[in-house]
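Colleague: If you scroll down you'll find the structure; I have some questions about it.
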Amino acid sequence: MEGKVIIFPVESDTAHVRVTPMMKAKSFSAVTVCLRFFSDYNKEQAPFSLSVPTHADGFVFIRGNGRYRLYIKDRGVVFHGLPTPLNRWNSVCVTWESATGLAQFWVNGVPSARKAIWPGQSIAGTPIIMLGQDQDTYGGRFDKHDAFYGHVTDIHMWDNVLSPEEIWPYMRCVVPRPGNVVNWNNLDYANHGYVVVERKQYNFCR
């Protein structure tokens, strides 16, 4: 998938990409997810969702209406004051660790405040990872009002918290260490519904 983008060209409750994680069964005590997205729609939408059997919103982030939300094990926390520009590429990383419960967003190089969610807990069970939809049940039941409508690329997931020194290069389109759970350059995936995969039309990295 290197050099390619996934396009969700319509708002729907069917279009999604199911990603096979490199770890089949796992208990996550820390997570970092990074991706780049482009959209002209300011509604709340979920470009990435991870579900486990006991929690539909195992690890989900939603962007829209001038804010970012993170859901872990069906509990959510809201992050305000981050960049939310339309019609441009945005680089986003979100981190969480069980030891402290602290979660944080980075958007276009701007870090959020760190906020607590589920300290001392883990995300346990075989994960189902989807792009473009928020899973309301384990692996299904989509609502088009949560659907992502735009382009995504460069998606990586790790089972640890990346340091700021590792996140900064990603903000500049450099991935010094590919994800060990999801690796964009070696992605095992299946498209469902109206989804288009094509090469990047221009170099948006600066």
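Colleague: Looking at the structure I just gave you, is ALA25 buried (at least 23 other Cβ atoms within 10 Å of the Cβ) and farther than 13 Å from VAL94 by Cα?
Modeller: no
Colleague: Check ALA15, ALA46 and return the single one that is at pLDDT 95 or above, surrounded by 23 or more Cβ atoms within 10 Å (Cβ to Cβ) and farther than 22 Å from GLN104 by Cβ. Break it down stepwise before answering.
Modeller: Values: ALA46 fails: farther than 22 Å from GLN104 by Cβ.
Only one candidate passes the filter, namely ALA15.
Colleague: Can GLN104 be described as modelled with pLDDT of 95 or more, of a type in the set (S, T, N, Q) and touching a His at 6+ places or on another chain (Cβ under 8 Å)?
Modeller: Criteria not met by GLN104.
Colleague: Between GLU2, GLU44, which is of a type in the set (Asp, Glu) and over 18 Å from THR153 (Cα atoms)?
Modeller: After ruling out the rest, the residue left standing is GLU44.
Colleague: Looking at the range 61-78 only, could you name the residues that are surrounded by fewer than 20 Cβ atoms within 10 Å (Cβ to Cβ) and of a type in the set (A, V, I, L, M, F, W, C)?
Modeller: Scanning the range 61-78 gives VAL77, VAL78.
Colleague: Restrict the check to the range 190-200 and report whether at least one residue is among the aromatic types (Phe, Trp, Tyr) and crowded, with 20+ Cβ neighbours inside 10 Å.
Modeller: Taking every residue of the range 190-200 in turn, none turns out to be among the aromatic types (Phe, Trp, Tyr) and crowded, with 20+ Cβ neighbours inside 10 Å.
Colleague: Would you mind telling me which numbered condition in (1) part of a loop (DSSP other than H, G, I, E, B); (2) modelled with pLDDT of 95 or more; (3) on the phi > 0 side of the Ramachandran plot CYS173 fails?
Modeller: Among (1) part of a loop (DSSP other than H, G, I, E, B); (2) modelled with pLDDT of 95 or more; (3) on the phi > 0 side of the Ramachandran plot, the lone unmet condition for CYS173 is (2).
Colleague: So which of ASP154, ASP134, ASP159 ends up being at pLDDT 95 or above, on the phi > 0 side of the Ramachandran plot and within 18 Å of the chain's Cα centre (by Cα)?
Modeller: None of the others qualify; the one that does is ASP154.
Colleague: Tell me the residue from PRO169, PRO178 that is in contact with a helix residue (DSSP H, G or I) (Cβ under 7 Å, 6 or more places away or on another chain) and surrounded by fewer than 22 Cβ atoms within 10 Å (Cβ to Cβ), please.
Modeller: Just a single option satisfies the conditions, and that option is PRO178.
The values are calculated or read from the model by the stated rules, or taken from the named source; none is laboratory data. What you are looking at is a predicted structure, and each value in this text was computed from that prediction instead of being measured. Neighbour counts run over all protein chains shown; Cβ positions are idealised from the backbone, glycine included.
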